[in-house]
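Taking it in order: structure first as structure tokens, then the write-up.
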Amino acid sequence: MLIKCLFLYTSTQKCPELKLFSHGSKVQKFGRSAPEIEGLVAATRLSPLISCSIDTGNRGLISTFVERWHKETSSFHLLVGEVSITLDDLASLLHLPTVGAFHTFEPLHVDEVVLMLVELLEVYGEAARDETAQCHGPYIHLSWLRDIYQSRCQARHWNPAARAYVLHLLGCTLFANKSATHVHVVFLDALRDLSQSGSYA
């Protein structure tokens, strides 16, 4: 389900080597949200992502689906015919809303990223600038985000703690990348008003 597949080609291989990456363990390691922010997290309607990550050892099954995936049509070509993943499938499997407002993510300059981190996660500008410099762009480390979450909880700043928690959740599930260590800060903009975030599809 929330497993990323990466193909590695070498000059001596005719068939690609399939490597499976699952970031679900990072979500499980983070654990459930603090009781004080459970309502804020639930308002985003993203709570189902906490438990939906699946680790699987059935490489043969995943390899079969990967081999039958056609990126030109965004569908699987199976013996029973062509099969596509629909929004209804997404809603059924991930229990996420597929009806609602759209959110447009605009490209961010690093200075805008720093300002967003300062405003929405309540971090110092210097710390935010150092983190984006280490990530070489508008990204932050998931480990840094976990530290921010812990410190915001200790300070009892629940809105920034909830934003950090949900951004980490998104970085490990819907918007995971193969680095397995970073999340793009642009998604934080959709968490500006946590009560409004649940209205997005």
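Numerical summary
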{"quantity": "Sum of side-chain charges, LEU96 neighbourhood, beta-carbon under 14 Å (Lys, Arg +1; Asp, Glu -1)", "calculated": "-1"}
{"quantity": "Ranked by how many other beta carbons lie within 10 Å on average, peptides 172-185, 83-96 from highest", "calculated": "172-185, 83-96"}
{"quantity": "Size-normalised alpha-carbon gyration radius of the range 146-201, reference 2.2 N^0.38 Å", "calculated": "1.14"}
{"quantity": "Formal net charge of residues neighbouring ALA133 (Cβ-Cβ distance under 14 Å; K, R +1; D, E -1)", "calculated": "-3"}
{"quantity": "Extent along principal axes [Cα atoms of the range 100-201; Å; largest to smallest]", "calculated": "36, 31, 24"}
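A short reminder: the numbers here are calculations on the coordinates, not readings from a lab. In this text, all values refer to a predicted model and were calculated from it rather than measured experimentally. Positions of Cβ are backbone-derived with ideal geometry, glycine not excepted, and every protein chain shown enters the neighbour counts.
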